[in-house]
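As structure tokens, the structure follows; a few thoughts come after it.
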Amino acid sequence: MSASVSRVASNRVLRGAALAAGGLACLVLLLALAGFVYQQTGETRDLSAFPPPGEFYDVGDVSLHMSCSGAGVQTVLLSSGMGNPAASWEPLRRLLEPDFRVCSYDRDGLGWSRDSGGPRDATLAAGRLARLMDAAGLNGPVILVGHSYGALVGRVFAAAYPQRVSALVLLDSSHEDMGERFPPIAQQGFKDLLAGFKLAPWLNRFGLGRFTGLFEPAIDGLEGRDRAQALALLNTVSHMQGTAAEASGWERSAAPARALRTKGFGALPLDVFVAGAWPEEMMPSWLAMQRELAGLSSDSRIFILEEANHPQVGMDRRFIGQVAEAVRRRAAAMHADAP
């Protein structure tokens, strides 16, 4: 009798565990479905609130979005960082518009641009940018302003198409060796960042990025509608798919940047802006790498923005005035040297 009672009790425990597991699975499925619907609803709402402001141009393997404004003769071209849409440039764009024609664009799969479905790296991005400039009729040399990974793309572009760049402005530029030269704890952080970018499309697919505000630190410094527009793009599945593809191509991007160190840029006007609010243990190696980038040209200047963090260098109104002024000084010097 006692064995029979024990078997009955055991069966009840097993059935209870099975029911609990089934209930948990149903709950997870319902939460995933709710997150998916939440994401789809949010993307539809954001698409209506923030339509593409520029034009789409066929560059052969993909259609890229670029927005140009301002009435100046000299063009300033803005290249955003990995994980950031071109919309993150809006405050700097407004500062430059009175004096320049200002163009910002989204690389393959980012922001409003379409996705080629192919690989991404700095060399491919530079080639697509050259074709984009051709398609948009940007024939004269540009002042190229790049932030973070977009600055690395800018360096590769300037090396491949030197006649198309009249000055280069790097805003806290990624360095090709930073994954190896950061302190050990930061090296792991960099690996985690690249891995996180690869996971991000799945987080967005089920609304987790949107719900938790996960990507808000990437646009630290933006305010109001500028912030809302950039965040709407960061929260899309498509943008993070493009970002994940760029992250997967990091090593292929670093290789041509390393090759530049032996060649340099000659006397190309080059300004290097450095965020000074990195963690204390990271600043010595970061500053050393930024000084190396300044050494790529015999006509370079370096500016340390002591209180700015990485995104704020290109987005925060407390700091971007210094960037705009540097662009104006370079343009004025080129105009004065023109025959």
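The values are calculated or read from the model by the stated rules, or taken from the named source; none is laboratory data. Just so it is clear, the structure is predicted and the values come from calculations on it, not from any experiment. Cβ: placed from backbone, ideal geometry, glycine included. Neighbour counts: every protein chain shown. With ligands, DNA and RNA removed, areas are computed over all heavy atoms of the protein, side chains included. Shrake-Rupley method; radii C 1.70, N 1.55, O 1.52, S 1.80 Å.
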Subset of region 301-339 (residues that are closer than 22 Å to L193 by Cα, of a type in the set (A, V, I, L, M, F, W, C) and not in a loop (DSSP other than H, G, I, E, B)): V313, M315
Qualifying residue in region 191-211 (condition: touching an Asp or Glu at 6+ places or on another chain (Cβ under 7 Å) and farther than 21 Å from V102 by Cβ): no
Unique match (being more than 21 Å from A151 (Cβ to Cβ), open to solvent by less than 20 Å² (accessible area, probe 1.4 Å) and modelled with pLDDT of 95 or more) among A294, A308, A232: A232
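Pick out, from region 9-105, the strands (runs of 3 or more DSSP E) lying fully within it that include 1 or more residues that are at pLDDT 95 or above and open to solvent by 70 Å² or more (accessible area, probe 1.4 Å).
Details: elements: 55-58, 63-69, 75-79, 101-105.
Answer list for region 9-105: 55-58, 101-105.
Determine whether L124 is out of contact with any Asp or Glu (no Cβ under 6 Å at 6 or more places or on another chain), open to solvent by 20 Å² or more (accessible area, probe 1.4 Å), among the hydrophobic types (A, V, I, L, M, F, W, C) and part of a helix (DSSP H, G or I).
Values: out of contact with any Asp or Glu (no Cβ under 6 Å at 6 or more places or on another chain): yes; open to solvent by 20 Å² or more (accessible area, probe 1.4 Å): yes; among the hydrophobic types (A, V, I, L, M, F, W, C): yes; part of a helix (DSSP H, G or I): yes.
So L124 passes the test.
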Total residues in region 184-211, condition more than 18 Å from A254 (Cβ to Cβ) and either open to solvent by less than 30 Å² (accessible area, probe 1.4 Å) or part of a helix (DSSP H, G or I) (or both): 15
Near pairs, Cβ below 6 angstrom, 6+ apart or cross-chain, from region 34-51 (touching a residue at least 12 places away in the same chain (Cβ under 8 Å)) to any residue that is open to solvent by less than 60 Å² (accessible area, probe 1.4 Å): G35/G207; Y38/G207; Q39/G207; G42/R210; E43/T236; D46/A232; F50/Q229; F50/A232
Single unsatisfied condition, P141 versus (1) open to solvent by 40 Å² or more (accessible area, probe 1.4 Å); (2) farther than 24 Å from E307 by Cα; (3) out of contact with any strand residue (DSSP E or B) (no Cβ under 9 Å at 6 or more places or on another chain): (3)
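Yes/no per residue for (1) modelled with pLDDT under 95; (2) out of contact with any Pro (no Cβ under 8 Å at 6 or more places or on another chain):
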residue	(1), (2)
W112	no, no
G127	no, yes
G137	no, yes
I143	no, yes
Y161	no, yes
Q187	yes, yes
R210	yes, yes
Check on S298, hydroxyl-bearing (S, T, Y) and outside any helix (DSSP H, G or I): yes
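State whether one or more residues within region 229-252 are of a type in the set (A, V, I, L, M, F, W, C) and farther than 30 Å from A49 by Cβ. Before you say what the answer is, go through the steps one by one.
At the first step, the residues of region 229-252 found to be of a type in the set (A, V, I, L, M, F, W, C) are 230-234, 237, 240, 244-245, 247, 250.
Now narrow it down to the ones that are farther than 30 Å from A49 by Cβ: 250.
Yes, there is a match, as at least one residue in region 229-252 is of a type in the set (A, V, I, L, M, F, W, C) and farther than 30 Å from A49 by Cβ.
What number of residues in region 212-225 are surrounded by fewer than 20 Cβ atoms within 10 Å (Cβ to Cβ) and either on the phi < 0 side of the Ramachandran plot or not in a helix (DSSP H, G or I) (or both)?
Let us first name the residues in region 212-225 that are surrounded by fewer than 20 Cβ atoms within 10 Å (Cβ to Cβ), namely 212-214, 216-217, 220, 223-225.
After this cut, where a residue has to be either on the phi < 0 side of the Ramachandran plot or not in a helix (DSSP H, G or I) (or both) as well, the list is 212-214, 216-217, 220, 223, 225.
Of the residues in region 212-225, 8 are surrounded by fewer than 20 Cβ atoms within 10 Å (Cβ to Cβ) and either on the phi < 0 side of the Ramachandran plot or not in a helix (DSSP H, G or I) (or both).
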Test: residue in region 238-256 that is of a type in the set (S, T, Y), surrounded by fewer than 21 Cβ atoms within 10 Å (Cβ to Cβ), out of contact with any helix residue (DSSP H, G or I) (no Cβ under 8 Å at 6 or more places or on another chain) and part of a helix (DSSP H, G or I): yes
Counted residues, region 267-287 - those being surrounded by fewer than 15 Cβ atoms within 10 Å (Cβ to Cβ) and either aromatic (F, W, Y) or in contact (Cβ under 8 Å) with a residue 60 or more places away in the chain (or both): 2
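So, in region 58-117, of the ones that are of a type in the set (S, T, N, Q) and over 20 Å from the mean Cα position of the chain (by Cα), which residue ends up nearest to G146 (Cα to Cα)? Quick ask: steps written out before the conclusion?
As a first pass, look at region 58-117 and keep what is of a type in the set (S, T, N, Q): 63, 67, 69, 74-75, 79-80, 84, 88, 104, 113, 116.
Checking which are over 20 Å from the mean Cα position of the chain (by Cα) leaves us with 69, 74-75.
Values: S69: 18, Q74: 17, T75: 14 Å.
Only one residue tops the list, namely T75.
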Test set (1) more than 21 Å from the chain's Cα centre (by Cα); (2) modelled with pLDDT of 95 or more; (3) acidic (D, E) - D337 fails condition number: (2)
Single unsatisfied condition, H175 versus (1) in contact (Cβ under 8 Å) with a residue 12 or more places away in the chain; (2) closer than 27 Å to L305 by Cβ; (3) within 17 Å of the chain's Cα centre (by Cα); (4) assigned to a helix (DSSP H, G or I): (4)
